[in-house]
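Student: I'd like to ask some things about the structure below.
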Amino acid sequence: MVKLTGLKKIKTAVFISGTGSNLKSLIKFSKIKKSPISIDLIFSNTSKAKGLRYSNQFNIKKKILSFKRLKIAEIEILNLLKKEGIRFICLAGFMKILSKNFIRKFNGKIVNIHPSLLPKYKGLNTHIKAIQNKDKLSGCTVHFVTAKLDSGKIILQKEVKISKKDTPTSLAKKILKQEHKLYPAAIKKIFN
Ligand code: GRF
């Protein structure tokens, strides 16, 4: 695992595809003195990702690359990560699956946040599944990324109660609020 060396923060890239609310919470966290990471690159597979606006707002480099040609895109990202000295990657609502090769190259240094209590509900539509199954609890998980989808070692989880009135939208909102706390907490746990 990556360890903090001296007082320098670990240069980190956040990969997004959408709103970027987790990205924003990670940026805010990274600015705290005690944060082990700095956010130095925002990567998106689409120019439509709203979260890209945080690049201008917080003066962080951004890169957009379509994943239509996965191999070529990944080679380009790997080169960029190397050039920028990036040593840690946070996936935050990144909707593409990284190749085994990419994950191996960044072994143990990629984490993801997932809106369910893994191993329950891997993949998409987690809130719909939790409500359809009449679960009383859902939540979010931060885990290491391995070649198997949403299956790497769990770092931290937070439970959220599902009320009878909850819809997938209201549940997503409740869980997202917890995600914004859980992601920084998980990163602290990794490095401290
Ligand atoms: C979050 O619910 C995250 O768990 C999932 O995608 C959503 C991203 O939200 N992987 P945001 O773009 O960070 O607002």
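The values are calculated or read from the model by the stated rules, or taken from the named source; none is laboratory data. None of these values were measured; they are calculated from a predicted model. Keep in mind that these areas ignore ligands, DNA and RNA; they rest on the heavy atoms of the full protein, side chains included. Shrake-Rupley method; radii C 1.70, N 1.55, O 1.52, S 1.80 Å.
Student: What pairs from 11/100; 31/100; 129/158; 11/120; 28/105 go past 25 Å between their alpha carbons?
Tutor: 31/100; 11/120; 28/105
Student: Now a separate question. So which residue, out of 94, 58, 144, gets the largest mean-square fluctuation from a GNM of the chain using Cα contacts under 10 Å as springs?
Tutor: Answer for the Gaussian network model of the chain: 58.
Student: Return, for the Cα atoms of region 1-111, the radius of gyration and Dmax in Å, separated by a comma.
Tutor: Values for region 1-111 (Cα only, Rg and Dmax): 13.2, 40 Å.
Student: With angles folded into 0 to 90 degrees, how steeply does helix 168-191 sit against the dominant principal axis of the chain? Use alpha carbons for both and round to 10.
Tutor: 40
Student: Quick check: with the 1.4 Å probe, what order do 17, 163, 47, 116 take by accessible area, largest first?
Tutor: 47, 163, 17, 116
Student: Leaving ligands, DNA and RNA out of it, report the carbon-plus-sulfur percent of the accessible area of region 1-79 at a 1.4 Å probe.
Tutor: 53
Student: Follow-up. Using the heavy atoms of the protein chains and a 1.4 angstrom probe, tell me the accessible area per residue for region 9-107 in square angstrom.
Tutor: Per residue, region 9-107 has 54 Å² of solvent-accessible surface.
Student: Compute, for residue 169, the solvent-accessible surface of its heavy atoms (probe 1.4 Å) with the complete set of protein chains present, and express it in square angstrom to the nearest 10.
Tutor: About 110 Å², ignoring ligands and nucleic acids.
Student: Still on this model: Counting every Cα pair in the chain, what percent are over 21 Å apart?
Tutor: The share of Cα pairs beyond 21 Å in the chain comes to 50 percent.
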